[in-house]
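Visitor: Dropping a structure here in structure tokens format, bear with me for questions.
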Amino acid sequence: MITNRTFTMIKPDAVSDRHIGGITQMIEAAGFRIVASKLTKLSEERAGQFYEVHAARPFYNDLKTYMSSGAIVAMILEKDNAVADFRKLIGATNPANAEDGTIRKKYAKSLEANAIHGSDSDENAAIESNFFFSRTEQF
Ligand code: CMP
């Protein structure tokens, strides 16, 4: 099991608002190394597969529509304690609860359009990384 990597996605709102640079700068300044990176767009079906774990939740349909509404940036990041440290850096899911200095405090617009995703466990980091990247795309 990989324990020093996490997966992230810069979401459609942040990409269309031209915050790729600002968010990436915060990620690198916090000590993460970018191991893989891809600007791409999810179909509604692929967005549904990525968020399959939330299929029973009332926000699932809206989430699929939103996550397929524009380009996203998928990245794999490396750092000691990557999953937990990255969750700290992005802040609470709802930006209303995000602490000062976090990515969501600075860039998130709403609970849904919350600028960035971060894996919640080492296991999901590996699953989510493999969803977007082959081994040969990871450095
Ligand atoms: P993320 O961390 O990517 O995981 C699931 C996403 O669903 C979440 O960020 C939000 O963008 C979105 N979402 C919308 N409504 C909710 C909700 N009520 N609770 C949690 N996540 C939500």
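Visitor: Mind checking which residues of the stretch 67-119 are of a type in the set (Val, Ile, Thr) and in a strand (DSSP E or B)?
Guide: Within the stretch 67-119, ILE72, VAL73, ILE76, ILE116 meet the criteria.
Visitor: Do you know which residues across the stretch 31-56 are in a strand (DSSP E or B) and surrounded by 15 or more Cβ atoms within 10 Å (Cβ to Cβ)?
Guide: The answer is VAL35, ALA36, SER37.
Visitor: Can you find, within the stretch 32-74, the residue that is farthest from PRO12 (Cα to Cα) among those that are polar (S, T, N, Q) and in contact (Cβ under 8 Å) with a residue 12 or more places away in the chain?
Guide: If we take residues in the stretch 32-74 being polar (S, T, N, Q) and in contact (Cβ under 8 Å) with a residue 12 or more places away in the chain, then GLN49 is farthest from PRO12 (Cα to Cα).
Visitor: So for the stretch 18-30 (the condition being over 19 Å from THR93 (Cα atoms), at pLDDT 95 or above, assigned to a strand (DSSP E or B) and of a type in the set (Lys, Arg)), does at least one residue qualify?
Guide: So far as the stretch 18-30 goes, no, none of its residues is over 19 Å from THR93 (Cα atoms), at pLDDT 95 or above, assigned to a strand (DSSP E or B) and of a type in the set (Lys, Arg).
Visitor: So in the stretch 79-110, with the set limited to residues that are surrounded by 14 or more Cβ atoms within 10 Å (Cβ to Cβ) and more than 14 Å from the chain's Cα centre (by Cα), which one is farthest from the ligand (Cβ to nearest atom)?
Guide: Within the stretch 79-110, the match that is farthest from the ligand (Cβ to nearest atom) is LYS79.
The values are calculated or read from the model by the stated rules, or taken from the named source; none is laboratory data. These numbers come from a predicted model, not from an experiment. Don't worry about glycine lacking a Cβ; one is built from the backbone with ideal geometry, like all the others, and counts go over all protein chains shown.
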